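The values are calculated or read from the model by the stated rules, or taken from the named source; none is laboratory data. Bear in mind that the values here come from a model prediction, so they are computed numbers and not experimental data. Every residue, glycine among them, receives a Cβ derived from its backbone with ideal geometry; neighbour counts consider all protein chains shown. For accessibility, only protein heavy atoms count, side chains too; no ligands or nucleic acids. Shrake-Rupley method; radii C 1.70, N 1.55, O 1.52, S 1.80 Å.
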Amino acid sequence: MSWWRDIFRQCVFMSFFIIPIPIGSYTIHSGSSAAVALISHLALSFLIPLAYVGTKEAAFGPKHARISRISFVIAWLVLAAIGGAFSAFMGQIWKTSSFWEWPTVGRDIVFIGIMYGELCATMLGAYVLSRFHDTCRKERV
C-alpha cells in the first residue's frame, strides 16, 4: 500500500479517538460548547497522533517509513497557525453564512470532515518533513 493511503487509513482509526468528544460537546449547544469543542479538539488532535507516531505500529508505506515526533509537532503548529489565520480572516463571513441555518446533523458532518481533513493534512505534512529530514541527514554523512 502506498504511504499516503496508509496515512489516510490510519487517520480514520485515530479519528475515533479525536472527533467524538468535540462533536459531542458542540452538539450540546450550551453557551460554552463551542469553546469546549475547540479546546478538546486542539488537545486531542495534538496528543493522540503525537503518542501514535512514537509506537512501533506507526509505519507508513511499503518501506515502513516513520514520522518523527518533532516533524509532527512542526506540522501541527504550522497547520494550527494557518487555520487560526484563516478563521480570523473569514470570521465575519462565516458567522453570517447560511451554513448556521443547516440542520445540526449537516453541520456535524461538515465539522467531522474538516477535523478528519486537518488530521490527514497534519500527518501528511509530518511525513513529508520526516522524509526531508532523513534525506538531509543522509546527505551530510
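If you filter segment 1-19 down to residues that are open to solvent by 10 Å² or more (accessible area, probe 1.4 Å) and under 16 Å from G125 (Cα atoms), you find that the one that is farthest from the chain's Cα centre (by Cα) is S2. With the structure loaded, tell me whether S40 is touching an Asp or Glu at 6+ places or on another chain (Cβ under 8 Å), surrounded by 15 or more Cβ atoms within 10 Å (Cβ to Cβ) and of a type in the set (S, T, N, Q) or whether it fails that test. Judged against the criteria, S40 is not a match. Summed over segment 51-69, residues that are surrounded by 10 or more Cβ atoms within 10 Å (Cβ to Cβ) and without any contact (Cβ under 8 Å) to a residue 60 or more places away in the chain total 7. The set of residues in segment 77-111 being under 24 Å from I67 (Cα atoms) and of a type in the set (A, V, I, L, M) consists of L77, V78, L79, A80, A81, I82. Screening A85 against (1) small (G, A, S); (2) surrounded by fewer than 15 Cβ atoms within 10 Å (Cβ to Cβ); (3) in contact with a helix residue (DSSP H, G or I) (Cβ under 7 Å, 6 or more places away or on another chain) leaves a single unmet condition, (3).
Is it the case, given these coordinates, that G83 is in a helix (DSSP H, G or I), at pLDDT below 90, small (G, A, S) and within 24 Å of I19 (Cα to Cα)? So G83 passes the test.
Yes/no per residue for (1) more than 17 Å from F8 (Cα to Cα); (2) acidic (D, E); (3) not in a loop (DSSP other than H, G, I, E, B):
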{"site": "A35", "(1), (2), (3)": "yes, no, yes"}
{"site": "L44", "(1), (2), (3)": "yes, no, yes"}
{"site": "T55", "(1), (2), (3)": "yes, no, no"}
{"site": "P62", "(1), (2), (3)": "no, no, no"}
{"site": "F99", "(1), (2), (3)": "yes, no, yes"}
{"site": "I112", "(1), (2), (3)": "no, no, yes"}
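Scanning segment 115-141 for residues that are among the β-branched types (V, I, T) and open to solvent by 40 Å² or more (accessible area, probe 1.4 Å) returns V128, T135, V141.
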